[in-house]
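Where a number appears in this text, it was derived from the coordinates with a stated rule and is not lab data. This is a predicted model, so every value here is computed, not measured. Positions of Cβ are backbone-derived with ideal geometry, glycine not excepted, and every protein chain shown enters the neighbour counts.
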Amino acid sequence: MSPISTILGSHHELFLLLVVIDNGIAQITLSNPEGHLTGIQYNGIDNLLEVMNDETNRGYWDVVWSPPVDTTKTKGTLERLAGTTFEVIVETEDQVELSFSRTWNSSLEGKLVPLKFDKRFHYMANSDDRQRYMPLPDDRLPGRGEVLAYPEAVLLVDPVEPEFKGELMQDYQYLTVNKLH
């Protein structure tokens, strides 16, 4: 049985506001088209996320940004990266790849981070010419990653995907490729 299917198939259901992925073990619910994680059902637990929080405050990507010439000298603007477009990229028996994306244009200047993004949960596209697969959370485990001066920075010494060996994995910076030489 496919991990996702049409609304009648019960494994992948597209509602107006939610996308539900169910592989028979866990069920993941994401907001549509934003791509925020709103629910995780597993092992009889209705939702592993904090249900007292609003659905928009359970699992999301955010950035802190400021215009290149910021005369206010603020610490930046916190923005949750909310997609405006949802698309199913891959749907097979073994894999589901969903895309939640947003395209920036000059009419949004000063209101939203000037960034075109595509959230795919193991893939990141910051623009048409800056796209890549991402290291996995397991790459932070002892033996795979070496913690550096602060715990958010990890040198990938034996990552799951060998192509990432030697990269610096930082929680707060993946807009550029970091490689230690």
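The table below gives the values:
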| item | result |
| --- | --- |
| Backbone N under 15 Å from the Ile21 label point (7 Å along Cα→Cβ), restricted to the range 83-100 | 86-100 |
| Placed amide H near Ser66: partners under 5 Å, 5+ positions off or other chain | Thr77 |
| Calculated FRET efficiency for the pair Trp65/Ala149, C-beta based, R₀ 25 Å, to 0.05 | 0.55 |
| HN-Hα J in Hz across the range 53-66 - Karplus 6.51, -1.76, 1.60, θ = phi - 60°, x for Gly and Pro | 7, 4, 4, 7, 10, 10, x, 7, 9, 9, 9, 10, 9, 8 |
| Residue-by-residue Karplus 3J(HN,Hα) for the range 38-52, coefficients 6.51, -1.76, 1.60, Hz, glycine and proline x | 10, x, 9, 9, 7, 6, x, 8, 4, 7, 6, 7, 5, 6, 6 |
| Within straight-line cross-link reach of Lys165, aspartates and glutamates at Cα separation under 15 Å, skipping those fewer than 8 residues along the same chain | Asp138, Asp139, Glu146 |
| Euclidean distance between Cα centres, the range 136-173 to the range 37-107, Å | 23 |
